[in-house]
Every structure is written in C-alpha cells, then in structure tokens.
Amino acid sequence: MNDITKNTENTAIHKEMKLAEGLLLRADLMKKIEQLQNRIRPVLIVSGDKLPQENPNKLLAQLRKAIQDLQFLVIRINKTNNQTLVAEQGTLMEALAKRDALKMLSEKLRNIRYDAQVNNSGDANLKTTIDIKKLQTEMDVTARNFRELDSKIQETNWLTMLA
C-alpha cells in the first residue's frame with residue numbers, strides 16, 4: 001500500500017454500492033475538496049498575535065483524507081467502467097468515450113450552424129457555403145444518438161455494482 005491509500009479506513013467509499021452512487025459520491029468528494037481548499041486559504045496567514053478562525057493543520061489533514069478517498073473511489077469507478085458492458089457499445093469506458101465524442105460533435109455542429117447564418121447586414125452578395133439542411137439533419141441525428149447512448153449509460157450506472 002502506498003502513502004496515499006494506506007489511510008483509507010472503512011468509510012462510504014468502501015461500501016457496496018451501485019456505480020451511479022459512486023459517481024454521486026465522487027462529485028460530493030470533489031466539492032468537499034474545493035470547499036476545504038477555500039477554507040484553508042484565509043487561515044494561512046494572520047496578523048500579529050491573532051489566531052486563525054480554524055486550525056489550518058486540521059483542515060489540511062481533512063483535505064489529504066478527502067483526496068485519498070477520491071483516489072480510491074476513482075480507481076473503483078475506472079475498474080467498473082473497464083469491466084462493464086453496455087448493450088451494443090462495448091465496455092462502459094468505450095461508451096463514455098463515444099458519448100463524449102457525440103457531445104463534442106453536437107456542440108461544434110451547433111457552432112458551425114450559428115456561424116453559417118447570413119445576417120441581414122445589407123450585403124445581398126453574402127451566401128452560405130454549406131448545405132444548412134444537411135447540416136441540420138446531421139445535428140438532429142447526432143443529438144438523438146447522444147440522448148440514446150446517454151440513456152443506456154445512465155441505465156447501466158444504476159444497474160451495475162461498483163467494483
């Protein structure tokens with residue numbers, strides 16, 4: 001066991017849970033880490049003989065523990081994503097990568113669609129150089145594929161036990 005994982009006593013991150021619960025716990029831990037950092041900043045330096053409102057060493061210990069817990073939980077999540085199959089998509093990890101790509105494509109197509117609009121700027125010589133209807137069709141198909149895949153992923157998250 002290395003230094004960052006040896007101090008992870010039996011807490012919520014060790015219990016048996018669904019993948020979706022682990023993902024929610026990960027989000028909570030990330031918020032907790034950010035909040036601890038924000039609480040540490042104002043107590044690092046005080047003037048004269050004043051005492052800090054909170055003990056920075058205790059806060060730092062809590063921060064280290066939260067990061068250890070996050071590391072342990074992320075390992076469990078990643079193992080689960082690599083071992084779990086999603087219908088017609090391969091592993092959950094592959095489905096997540098495909099969903100991310102669909103989301104990116106959808107955003108880029110939407111930006112291109114917006115940029116391709118010819119405004120009434122008074123210049124009658126302006127024209128769009130791409131087929132807007134074809135682009136819109138691709139946008140619609142991409143958005144539908146994203147929604148369908150996202151639904152499969154969410155369903156899998158709630159049906160799968162965390163490794």
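Here are a few things to note about the model shown:
- Close Cβ contacts (under 8 Å, 6 or more residues apart or on different chains) running from residues in segment 137-160 that are under 17 Å from ARG113 (Cβ atoms) to residues that are in a helix (DSSP H, G or I) and of a type outside the set (A, V, I, L, M, F, W, C) comprise MET139/SER106; MET139/ARG110; MET139/ARG113; THR142/SER106; ALA143/SER106; PHE146/ARG99; PHE146/LYS103; PHE146/SER106.
- Taken as a whole, the structure places LEU105 among residues that are surrounded by 12 or more Cβ atoms within 10 Å (Cβ to Cβ), at pLDDT 95 or above, at negative phi and not assigned by TED's automatic domain parsing to the domain that holds GLN37.
- Filter pass, ASP123 being out of contact with any His (no Cβ under 9 Å at 6 or more places or on another chain) and in a helix (DSSP H, G or I): no
- None of ALA124, ALA87, ALA95 is out of contact with any Gly (no Cβ under 6 Å at 6 or more places or on another chain), touching a residue at least 60 places away in the same chain (Cβ under 8 Å) and loosely packed, with under 11 Cβ neighbours inside 10 Å except ALA87.
- Among residues of segment 61-83 that are touching a residue at least 24 places away in the same chain (Cβ under 8 Å) and farther than 17 Å from ALA97 by Cα, those with a Cβ under 7 angstrom from a residue that is of a type in the set (Gly, Ala, Ser) and part of a helix (DSSP H, G or I), sequence gap 6+ or separate chain, pair up as LEU73/GLY22; ARG76/GLY22.
- Check on LYS50, surrounded by fewer than 17 Cβ atoms within 10 Å (Cβ to Cβ) and either in a strand (DSSP E or B) or over 15 Å from the mean Cα position of the chain (by Cα) (or both): yes
The values are calculated or read from the model by the stated rules, or taken from the named source; none is laboratory data. Since the structure is predicted, the reported quantities are computational estimates derived from the model, not experimental observations. Cβ atoms come from the backbone with ideal geometry, glycine included; neighbour counts cover every protein chain shown.
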